[in-house]
1. Checking the conditions here, which among B:Gly137, B:Gly158 is touching a helix residue (DSSP H, G or I) at 6+ places or on another chain (Cβ under 6 Å) and either without any contact (Cβ under 8 Å) to a residue 12 or more places away in the chain or of a type in the set (Ser, Thr, Tyr) (or both)?
2. Can you find even one residue in the range B:234-246 that is of a type in the set (Gly, Ala, Ser), crowded, with 22+ Cβ neighbours inside 10 Å and within 8 Å of chain A (Cβ to nearest Cβ)?
3. Within the range B:1-48, which strands (runs of 3 or more DSSP E) (wholly inside it) include 1 or more residues that are basic (Lys, Arg) and closer than 29 Å to B:Lys201 by Cβ?
4. Which count do you get for residues in the range A:239-289 that are in contact with a Pro (Cβ under 8 Å, 6 or more places away or on another chain), without any contact (Cβ under 8 Å) to a residue 60 or more places away in the chain and either in a strand (DSSP E or B) or more than 8 Å from chain B (Cβ to nearest Cβ) (or both)?
5. Being more than 14 Å from chain B (Cβ to nearest Cβ), in a strand (DSSP E or B) and among the aliphatic types (A, V, I, L, M) is the filter; apply it to the range A:48-89 and report the residue that is nearest to A:Asn298 (Cα to Cα).
6. If you scan the range B:247-269, which residues turn out to be surrounded by 22 or more Cβ atoms within 10 Å (Cβ to Cβ), assigned to a loop (DSSP other than H, G, I, E, B) and more than 7 Å from chain A (Cβ to nearest Cβ)?
7. Looking only at residues that are touching a helix residue (DSSP H, G or I) at 6+ places or on another chain (Cβ under 8 Å) and not in a helix (DSSP H, G or I) in the range A:110-120, which one is modelled with the lowest pLDDT?
8. From the list B:Ile92, B:Ile11, pick out the single residue that is away from chain A (no Cβ under 14 Å), hydrophobic (A, V, I, L, M, F, W, C), crowded, with 16+ Cβ neighbours inside 10 Å and within 16 Å of B:Phe210 (Cβ to Cβ).
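The values are calculated or read from the model by the stated rules, or taken from the named source; none is laboratory data. Nothing here was measured: the structure is a model prediction, and the numbers come from that model. Note that each Cβ is placed from the backbone with ideal geometry, even for glycine, and that neighbours are counted across all protein chains shown.
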Amino acid sequence: MVNLEKTALELIESPRKPPVLVRVKNAKKYFKLKKGIFSKNQQYVKAVDKVSFEIFKGETFGLVGESGSGKSTLGRVVIGLHEADEGEIYFEENEITALNKREFQKVRKEMQIIFQDPSGSLNPRMKVQELISEPFDVYTKMTKKEKEEKVATLLEKVGLGVEKKLSYPHELSGGQRQRVCIARAIALNPKFILADEAVSALDVSVQAQVINLLKDLQKELGLTYLFIAHGLNVVRYISDRVGVMYLGQLVEVAETEELFDHPLHPYSAALLSTNPVADPRKRKEKVVLKGEIPSPANPPAGCRFHTRCPIAQEICKTKVPDLVEIQEGRQVACHFPLLTNSKEETE
Amino acid sequence: MKLLELTDVTIQFQRDEQTIIPVEGVSFDVKEGETVCLVGESGSGKSVTSLGVMRLVEFEGGTISAGDIKYQGESLLTKSKEEMREMRGKDIAMIFQEPMTALNPVVSIGDQIVEAISLHTELNKAEAKERAIKLLGSVGISEAKRRFGQYPHELSGGMRQRVVIAMALSCDPKLLIADEPTTALDVTIEAQILALLENLKKEMNMSIVFITHDMGVAAEIADRIIVMYAGKIVEDGDVYEMFDDPLHPYTLGLLGSIPDVNGDRSKPLLSIPGAIPAQSDMPRGCRFNPRCAFATQQCLEQEPPLLAVGNRKVACWNYEDVQKAKPTGEVI
């Protein structure tokens, strides 16, 4: 009874909130560092440290951050390529962190991944046809003919001609190879795709083609994306919501437009201001951050950003700020979020 | 005044039986105190062009088979190997994308800078060391005295790039060639390095040839932009004019391919169909014609020359149509 009331209440409270596809709760992933002969304590790289967030069905959730921020590790934890040390991950409300290998294998079919370097993920000795039908061999019992038909439709879907099925990866351009990877990823009709820097290695003109393709496929197949990239313009273009990571933690989560218009976390603000804008008239004043991202093996105490933060106070050195929802749909982990200029300007 | 002048430069490589011509008939100049960005995608020939200026292609088995490169009015192609070695570092310095490949891993960063200084100046060891520490300070390395003795592996990528810049600037070069120096860095560090280059350029009255694939970076620092495609220059002009009013369909496509931070996200990006042609399969006529929405019969047959349009240059038969299409850009 109580439960029913609660769900009803939740429904009323957030009528616009779409259903959640992926829910990450307090995920933690540490990597052991090699221990020196004389060191007593085992040191860890805290790649992902107590991260919680949700990805809604049908949306694109962008994840940005500098190298070493843990965004790729987080992506891999979500999809089960890395086992989380702590925390829970739910896919369609099933806790996948509690599944055994065989049970997980079934869920895994629904979650696919596209990597940055397409040549690294394609076997150079296999033809495009074999590469794309590989997932069918693993998961289905299709006949040869069925597979051939399916490969042809997939090739068409990703904008490659059917005649390309007999090519080897080295005969294709970088953009075409990435299209093959995309075809493989959508072959089993997954619900969720992790795109880890999937367009970063491509030249801009080709990058635009692949981004358009990913957007079209999302509409057509109702896909949900977790889109990891360091190129902020690309992330803004493709994402519905964006999470900003710094040293293994999420510091801000917001709808794309809101984040890019009024970042609340000083790190988001600095990151966005340093993003090169393709307009020479907007050579703006930048928040050039002091120093570099500290080592994730030994992150600063308190707020991890305080060593580089332009507005840090005493409290930031000692107390860790929690990621809290301070406006509807906006979460930020900062003791002094940049609220003034966001509220007053808009109202 | 013209500091650097390239006229019809063609660079070729002999690989087995095949002759590869990554740069063909390239002409441009760089004025004193000017920042020129060479922009293009992979395979456009922008890096090879810059290696040609330093005559470094010769070490890779390449030759400058036609044209001339003049520095301060003097041809670089008639210089002997010794004379060229003398000039590199002293008059023209170069920095690369990956600083680790430019640094010796077993020599401290301070000693590496001292080495560069002693090669080109008469300073004694103590003076050279003093200058090296000063340089490290001026590229924004804190505690330069302590850092002097550190090795490259002890530094982060951004710091290493600063060391390489300090080394490049150690002999007050008049021209700095920077080949994608920020591509491997995070945006926050990239911003630091771009700001540093900008300041140093003003302080030392240097010219910079900056090679990048990123129109965003070019927009930040360029006075002038030169767009290259498949080994040729397709457009050359003032940075503001080029962004306001691109003349070449490729430039138009490049600008349209970048997701605009303020743009409409519901519209698809203006991508350029197809990919850059391979050396072995260069199209006849204009090299861009298979990907071009403006191509006419003439483009399939005749290669367009790089012609002046006002104070800009463009290699396109139909640039007037490109100008007309620009406001909506939807032709592509």
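1. B:Gly137
2. For the range B:234-246, residues of a type in the set (Gly, Ala, Ser), crowded, with 22+ Cβ neighbours inside 10 Å and within 8 Å of chain A (Cβ to nearest Cβ): absent.
3. B:2-15, B:18-31
4. 2
5. So, considering only residues that are more than 14 Å from chain B (Cβ to nearest Cβ), in a strand (DSSP E or B) and among the aliphatic types (A, V, I, L, M), the one nearest to A:Asn298 (Cα to Cα) is A:Val48.
6. B:Leu247, B:His248
7. Among them, the one singled out is A:Phe115.
8. Step by step, each of B:Ile92, B:Ile11 is checked, and only B:Ile92 is away from chain A (no Cβ under 14 Å), hydrophobic (A, V, I, L, M, F, W, C), crowded, with 16+ Cβ neighbours inside 10 Å and within 16 Å of B:Phe210 (Cβ to Cβ).
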